[in-house]
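Worksheet: one structure, shown below.
Throughout, read-outs are computed from the coordinates displayed, never taken from laboratory work. Please read these numbers as outputs of a predicted model, since none were measured by experiment. Don't worry about glycine lacking a Cβ; one is built from the backbone with ideal geometry, like all the others, and counts go over all protein chains shown.
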Amino acid sequence: MESKVVVITGASSGIGAALARQLGSEGHRLVLAARREAPLNAVAAASGEAKAVVTDVTVRADVEQLKSAAIKAFGQIDVWINNAGRGIGKRVLELSDDDLDQMMAVNVKAALYGMQAVVPHFLQRGEGHLINVSSFLGRVPLASFRSAYNAAKSALNSLTANLRMDLATTHPRVHVSIVMPGPVATDFAGSALHGTPLVPPPRMMAVQVAEDVAEVIAGLIEQPRAEVFTSPTLRSLAKKYYEDVAGFESGMNAPSLGAPNLAALAERMKNRQ
């Protein structure tokens, strides 16, 4: 594959770090962004020609500075990957204003800042590739304790699709893609806001490792597509869900799969008022 300049947010661990190592081994020039300086520098050191830029993606000025640093270092940006994100461990009726605000800030607004920073650069060049890392849970509600995260990723899916439609006829060489992983064995669950309930993923959803997702994204860079699930199983489940939403949810909403006790939840809410 031709060497490209690739910006990756959320690159200090998990999917972002695995992707940096893979793309670096393929000869791409990388600009890696995250808030934690020490682990970010460690990933950069293991990823070939890579520049680390400490960045808080929830701050628009930081994202703009990241774009400028990438262009200063390598003269251009070919691929921008909005990968930074954070989960939550609360169901819908338990959410506070701050919970929802934090999920939207990290998972939606941060990606929007990235889109608005880099896409004008792509338009000026006449080419480029924006990749937003979303989640299967933005399409299919199989983990209701991730409620606000799922809603944020659904919003990200919509923004991505609308941007792609805006550019499709006027700038066909500017690609806009969404990537939807399912369960991935990273520290994501441990860093989720309010923790993560001990609920196993549904039986049909195999847990992937970060390197699996990185491989899918590397393939997407080589052959751009509008959207990609990180495993065929996820694509099949999403299709079944939209073919019969009520039937799918009825079949999945069992105590063994972590269904909420709504009566108990309602009682807790009443006691909080």
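Could you count how many residues in the range 88-112 are in a helix (DSSP H, G or I) and crowded, with 23+ Cβ neighbours inside 10 Å? Even if it seems obvious, please write down each step before you answer.
Let us first name the residues in the range 88-112 that are in a helix (DSSP H, G or I), namely 92-94, 97-112.
Filter again for crowded, with 23+ Cβ neighbours inside 10 Å, leaving 103, 107, 110-111.
Number of matching residues: 4.
Restricting attention to the range 117-144 and to residues that are in a loop (DSSP other than H, G, I, E, B) and in contact (Cβ under 8 Å) with a residue 60 or more places away in the chain, the residue that is nearest to Gln65 (Cα to Cα) turns out to be Arg139. The set of residues from the range 55-86 being of a type in the set (D, E, K, R), touching a residue at least 60 places away in the same chain (Cβ under 8 Å) and under 16 Å from Pro120 (Cβ atoms) comprises Lys67, Asp78.
Within the range 5-27, which residues are over 21 Å from the mean Cα position of the chain (by Cα) and of a type outside the set (Ser, Thr, Tyr)? Spell out how you get there, then give the answer.
Filtering the range 5-27 for residues over 21 Å from the mean Cα position of the chain (by Cα) gives 25-27.
Glu26, Gly27 - these are the residues of the range 5-27 that are over 21 Å from the mean Cα position of the chain (by Cα) and of a type outside the set (Ser, Thr, Tyr).
Within the range 95-116, track down each residue that is in contact (Cβ under 8 Å) with a residue 60 or more places away in the chain, farther than 14 Å from Ala192 by Cα and out of contact with any Phe, Trp or Tyr (no Cβ under 8 Å at 6 or more places or on another chain). Before the answer, list the steps.
Here is the first cut: in the range 95-116, the residues in contact (Cβ under 8 Å) with a residue 60 or more places away in the chain are 99, 102-103, 110, 114.
Within this subset, residues satisfying the condition of being farther than 14 Å from Ala192 by Cα are 110, 114.
Listed by number, the list holds a single entry, Ala110.
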